[in-house]
Amino acid sequence: CGLCFQECSKKQKNDDTQSTSVDALSPSDAFEEKNEFHTLANAKILLSDCLACDNCMTSEEGARVFQQNQKELFRILNLNKKCDTSKHKVLAVSICPQSLPYFAAKFNLSVNDAAKRLCGFLKSLGVHYVFDTTIAADFSILESQREFVQRYQRRNQEEHALPMFASACPGWIRYAERVLTNLVTSHICTAKSPQQIMGSLVKGYFARQQNLSPDKIFHVIVAPCYDKKLEALREDFYTALYNSQEVDCVLTSGEIVQIMEQKNVSMKDVTEVAVDSLFDEIQEGDVVRHEGKRSDGYLEHIFKHAAKELFGVDVKEITYKALKNKDFQEVTLEKDGETVLRFAAAYGFRNIQNMVLKMKKGKFLYHFVEVLACPGGCLNGKGQAQTEDGKPNKALLTQMEEVYAAIPVRLPETNLHVQKMYQDWLEGVDSKKVQETLHTKYSAVNQTASSLDIKW
């Protein structure tokens, strides 16, 4: 590949599309000094920060990624202030669970206060609805659990049934589709990521509840990493009938803080506003999370579900065994002296590369792998966990991990709204609509000849 020291095309900014100031802001609101993030005009982010490098992104995709910035948000906000109401949009912002600990740690707030103040800030700008994406992760985890059990039961009949790889990380998915072969992509779980299920919820379920056409909603995701911007562009997440993407714009946590700084607003001065619910009659309660220390916890949920469903074993606590490094860990289930389940968590591209090499050599023993592009997992996304010079902000990451660990866990199976929506919105757990709404397909494209020669 030889791109390790090339700037990622996705992140190269030009003066026309990515200026430091936002059009809607007055000159007095502009930066007085460089903030802890790169200013938008000068961002230099290398391949080590993401995987959407020059070789795996078209110029058209690059142009569309550049549009996903604060200026696009303010373009819609300004549009809504004009008299032509036919062009107005309902502005909905959905916040990833791994972004909230960043705001809590950065501003020294509890995670519940951070959620309410972030909601208050966004609504002060003119946003209509602010949602938590945890419910979308509920659906994603439940569908992944179900798919793993089905794959395990078919493992002797289907060559590509196992191992199953998690599908929630867009950096990993991009790498698998653009660099690896179908030998790998056929093993990726077909469940959509939480981001894209949230897109279906907002532009499908919520739009119907509000009697809105999907193209009348402008849906923004606040996420920890830049690769979520690329994920939003996928053709399979586009509704041709309404000329509408399920997610219109992704802003990183750091980009939201930049808006605060440009507006000279402190989170501590913002009025607290309760986060909205997708369900009219309900107020959103306290923040909850899934199991897992730094992500949505696919490994833990799927492991416990599979142990119960396949072997009748109730697993209370999961014991991780670190192998070559702390970002490659193993979890096993033993029954009658035999290892019946072997799962792994592989974070960061060095571990992903090693994993793929073992698979190519036929030495892969795992049934499931939770694959994440960022070392340290989603909390360490480069959109929120780096210093001005682009290095990991280890002190902030430690704070975020402490904040995240303190959030109470809610099992997706216990979310009554999810169970009700399976019946009312998705026409049953095993329906065709579930497959159409909550699943997608991954396949290799533009394969690189020297795909296994990349040095991370």
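The values are calculated or read from the model by the stated rules, or taken from the named source; none is laboratory data. Everything numeric in this text was worked out from a predicted model, so none of it was measured. Cβ placement follows ideal geometry from the backbone for every residue including glycine, while neighbour counts extend to all protein chains displayed. We work out accessible area using only protein heavy atoms, side chains counted, and drop any ligands, DNA or RNA first. Shrake-Rupley method; radii C 1.70, N 1.55, O 1.52, S 1.80 Å.
Table for the structure above
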item	result
Residues of the stretch 310-333 satisfying the condition of being among the acidic types (Asp, Glu) and out of contact with any Phe, Trp or Tyr (no Cβ under 9 Å at 6 or more places or on another chain)	314, 317
Options 128, 187, 160; residue that is without any contact (Cβ under 8 Å) to a residue 40 or more places away in the chain and in contact with a Phe, Trp or Tyr (Cβ under 9 Å, 6 or more places away or on another chain)	187
Residue match in the stretch 418-436 (condition: open to solvent by less than 20 Å² (accessible area, probe 1.4 Å), hydroxyl-bearing (Ser, Thr, Tyr), more than 19 Å from the chain's Cα centre (by Cα) and at pLDDT below 90)	no
Matching residues, the stretch 376-411, being open to solvent by 20 Å² or more (accessible area, probe 1.4 Å) and under 13 Å from residue 103 (Cβ atoms)	399, 403
Test set (1) open to solvent by less than 30 Å² (accessible area, probe 1.4 Å); (2) within 26 Å of residue 407 (Cβ to Cβ) - residue 230 fails condition number	(2)
Some residue of the stretch 148-165 being more than 18 Å from residue 230 (Cα to Cα), surrounded by 20 or more Cβ atoms within 10 Å (Cβ to Cβ) and within 18 Å of the chain's Cα centre (by Cα)	yes
Exclusive hit being closer than 18 Å to residue 292 by Cα and of a type in the set (Asp, Glu), set 138, 215	138
Which listed residue, of 152, 129, 102, is of a type in the set (Phe, Trp, Tyr) and more than 30 Å from residue 368 (Cα to Cα)	129
Hey, residue 285 small (Gly, Ala, Ser) and either within 28 Å of residue 376 (Cα to Cα) or not in a helix (DSSP H, G or I) (or both) or not	yes
For residue 198: the one exception among (1) touching an Asp or Glu at 6+ places or on another chain (Cβ under 9 Å); (2) over 21 Å from residue 227 (Cβ atoms); (3) at pLDDT 95 or above	(2)
Among the candidates 92, 114, residue that is of a type outside the set (Asp, Glu) and within 23 Å of residue 199 (Cβ to Cβ)	92
Condition met for residue 422 (among the hydroxyl-bearing types (Ser, Thr, Tyr) and closer than 18 Å to residue 277 by Cβ)	yes
Some residue of the stretch 174-189 being open to solvent by 10 Å² or more (accessible area, probe 1.4 Å), more than 20 Å from residue 437 (Cα to Cα) and β-branched (Val, Ile, Thr)	yes
Subset of the stretch 71-118 [part of a helix (DSSP H, G or I), among the hydroxyl-bearing types (Ser, Thr, Tyr) and touching a residue at least 24 places away in the same chain (Cβ under 8 Å)]	102
Whichever residue in the stretch 243-297 is crowded, with 19+ Cβ neighbours inside 10 Å and among the polar types (S, T, N, Q) and, among such residues, is farthest from the chain's Cα centre (by Cα)	262
